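Asks: For reference, the structure I am asking about is given below.
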Amino acid sequence: MKFLDNILYLGFAEMVQAIVNATGKEKEKVEVYLRKAKSTGTKCWAFMNDPDDRRKVLIKYENLKDEYKEMVKELFGNPYDYMAKEPIKRMVQPDQKAEAFFLSYAYNDNKFLPTEHITKYVKAASWLNMLNDINQNKKLIKKQLNLNLDQFWFHVCDIIKSEGIDLPASYQRLRNKMNEYQQKGYACLIDWRFGNSLAKKIDDDVLKKLLEHPNQYDDVMLCYLYNSWAKQNGKEAIGARIVGLRRKEWEHEIIAGREGWNAFNEKYVRQVKGLPARTMHPLALVESDDYNFNYYFTDPDMQGGSKDLQRYVGYIVADSSIGLVLGASYRHAKAPVFDMVRIAWIDAMYYIRSITGGDQWYLPFEVKADHWNRKNSFPFFNSIARFVKPAVGNKHRGYIEQLFGSDHAKRAEKLAAHNELNYNGNNLTARRTGVNVEALKANAKRRPLTGDHASGQINKFLYYMRNIPSITKSDLEAPSREAMFKHRWNGLNEAQKRSITDLQFLHLFGFAHSPQGRSVTITNRGIEPVINGTKYSYDLPDYVSMQHLIGSKVTVVYDPYDMSRVLITDHDNIRFVAKEANLQPRALVYQYDGSRQALDMILNEKKAQVNKVAALSAARTHEIDSKAILLAGLAPKELLAASEQAYREESIQAGNTHLPEMTEVEEDAFNVYKNIFNR
């Protein structure tokens, strides 16, 4: 899509996509139809050559029939709205430092922020980072977005309003928040309930709520309603003229509620341009999708003719810049389950770490996927990186579909079945099967069995995808895709990498262990969950400072690839990484090198726990008024003697060289207590 003289045009391929998506017709037939319409000059189609590239054809959007406009909206959403918002959203990069700050933020005696608030604050910080960068280099607005300042801020405020970002949706209040953020940093985003002061609500919000009512009240009625509220809340009254001015000023914020989304959408005009995959750096875009492996396996436990036609379904995570498979999961079934998505991403994270140095986790900058299991998958993808919801049925949202059908993937898949001869070829809609069907059938009784044999072959296919040379007709000496990734990764600077901590990794990708919906209790033995029938034992990182957590109900979040550490959280005030317990030998004969030192460390920690409790108790005892103990009532002999001594010491420290004489009443009372204890 693009604009020429403020007129919206669709690309020829985009129009083909829209028709194919809506009607299900073959792509070739739709292309023939449009070319014929162009040559005959059909009235409802306004074609022109792209002035930037005469080889390309453009189609005028407003000249389309309503049915074709609906097809475009079904695929892309409202094109004006799409063109206006997407380039601005792409400028916002997730702030991992903000996430680390909010994850570790503590208040009110080591309480932590709820997870939902962390997500909200990180998103707000990411937007403020982008806005402050733009504010320092305003030329980027014209250069990258082709907008003037007024248009840019208009779109920004509207996105904040429509997407519920935790920032002011009016220009002036947003600029004030930007200035506050520059001065105070991440802390200014935290709600007053978590140790921060809440910004005072202003009357603009009340007036906006009245203005956006779908009944479209006139200015005089709105003035009356607002002034009734203002009188009850100690605010100044306003006139109908002020209401009219504000209605025009805030039109971009209230028009959706006041006039409807159609009116709102018609206000937006924006051009969106995409970059080819080869221009992206590694992990700039990562895509994921389900994939049916093109192999037949034999299930010996099945009866009937289908026992030799068993298949595996997988879920693949791939880097789009190179087409490198980063991670995968699979199972013997016809359809995937959501846990396969999470396992595939964990597998990808481990693979990325292994080829980038082996000691650091890295996240992608953007994620793309389809609508499958959107209830679970969309929030998961949003937590990893920037995720834009794709149009329903859009098979051209990125590059992973092309990867599955590429020559490279077919080579890897065939090589992995070179001896097994169980590769079943292309799907039924393909023009060619890509395999000798007679040989496939003849080898049916010698196919690999489901289970370990099948897993071995699938793992071999994934290995080939990464490590066979990525050759083409023009380059028969090309390196593997893994080697290409490593080479390009080593040329990146730190700003082009998104590193995260191990705590963040567990927070994003870990599996929550909830046995029968119950929590796990922290004891003086640490945390001891039973996960998948195996009992694990984890120690608190510091028993001295964390002993107050004993008895707390928590959730154990674990990494199925590495059970040596887990994330412990109650999703509210408790959040830390616990490591596997260091078990000590019970008998001297079983001691080993270093076991005594480890035991000494544990014993010293236990001693420190006792000393801490004793010190706190002593501090509380010292604060007791010794004179009050002497005179207040019956007390043990030892405490009475200690109080008498403390009373005398206090008097000396106060500057008296001689002990003050007790009053007659004090002396009588003291002697009564002394006589009682001396009996």
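Asks: So, F485, is that one in contact with a Pro (Cβ under 7 Å, 6 or more places away or on another chain), touching a residue at least 24 places away in the same chain (Cβ under 8 Å) and assigned by TED's automatic domain parsing to the domain that holds A348 or not?
Replies: yes
Asks: For the range 477-576, give me every one of the helices (runs of 4 or more DSSP H) that falls completely inside it and has 2 or more residues that are under 25 Å from F102 (Cα atoms) and more than 20 Å from the chain's Cα centre (by Cα).
Replies: Counting at least 2 such residues, we get 543-546.
Asks: Check N129, N146 and return the single one that is at positive phi and either touching a helix residue (DSSP H, G or I) at 6+ places or on another chain (Cβ under 9 Å) or touching a residue at least 12 places away in the same chain (Cβ under 8 Å) (or both).
Replies: N146
Asks: Answer with yes or no whether G526 is assigned by TED's automatic domain parsing to the domain that holds I568, surrounded by 14 or more Cβ atoms within 10 Å (Cβ to Cβ) and closer than 19 Å to I343 by Cα.
Replies: no
Asks: May I pose another question? Every residue in the range 324-350 that is more than 19 Å from the chain's Cα centre (by Cα) and either assigned to a strand (DSSP E or B) or crowded, with 21+ Cβ neighbours inside 10 Å (or both), please.
Replies: Across the range 324-350, the qualifying residues are L324, V325, A328, S329, Y330, R331, P336.
Asks: Could you grab the pairs with beta carbons closer than 8 Å, sequence gap of 6+ or different chains, first residue in the range 5-18 and closer than 15 Å to N146 by Cβ, second one part of a helix (DSSP H, G or I)?
Replies: Here the result reads L8/P79; L8/Y80; L8/M83, each pair linking the range 5-18 to a residue that is part of a helix (DSSP H, G or I).
Asks: Shifting gears a bit: Only one of these conditions is not met by A478: (1) within 25 Å of G327 (Cβ to Cβ); (2) small (G, A, S); (3) in contact (Cβ under 8 Å) with a residue 40 or more places away in the chain. Which number is it?
Replies: With respect to (1) within 25 Å of G327 (Cβ to Cβ); (2) small (G, A, S); (3) in contact (Cβ under 8 Å) with a residue 40 or more places away in the chain, A478 is out only on (3).
Asks: Same structure again: Which residue, of A478, A495, is surrounded by fewer than 12 Cβ atoms within 10 Å (Cβ to Cβ) and not polar (S, T, N, Q)?
Replies: A495
Asks: Evaluate the following for K56: is it surrounded by fewer than 19 Cβ atoms within 10 Å (Cβ to Cβ) and in a helix (DSSP H, G or I)?
Replies: no
Asks: Can you pull out every residue in the range 74-95 that is of a type outside the set (A, V, I, L, M, F, W, C), closer than 15 Å to E14 by Cα and crowded, with 17+ Cβ neighbours inside 10 Å?
Replies: N78, P79, Y80, Y82
Asks: Same structure, new question: Give the range 239-251 a look and list any residue that's surrounded by fewer than 19 Cβ atoms within 10 Å (Cβ to Cβ) and within 33 Å of the chain's Cα centre (by Cα), or say none.
Replies: E251, the sole residue that qualifies.
Asks: Applying the selection to the range 352-362, what residues are under 22 Å from R386 (Cβ atoms), surrounded by fewer than 21 Cβ atoms within 10 Å (Cβ to Cβ) and touching a residue at least 24 places away in the same chain (Cβ under 8 Å)?
Replies: Across the range 352-362, the qualifying residues are T356, Q360, W361, Y362.
Asks: Wholly within the range 398-461, which helices (runs of 4 or more DSSP H) include no fewer than the required count, namely at least 2 residues that are of a type outside the set (A, V, I, L, M, F, W, C) and out of contact with any Lys or Arg (no Cβ under 7 Å at 6 or more places or on another chain)?
Replies: The qualifying helices (runs of 4 or more DSSP H) are 407-415, 437-442.
The values are calculated or read from the model by the stated rules, or taken from the named source; none is laboratory data. Predicted model only: the values in this text are computed from it and were never measured. No Cβ is skipped: glycine too gets one built from the backbone with ideal geometry, and neighbour counts run over all protein chains shown.
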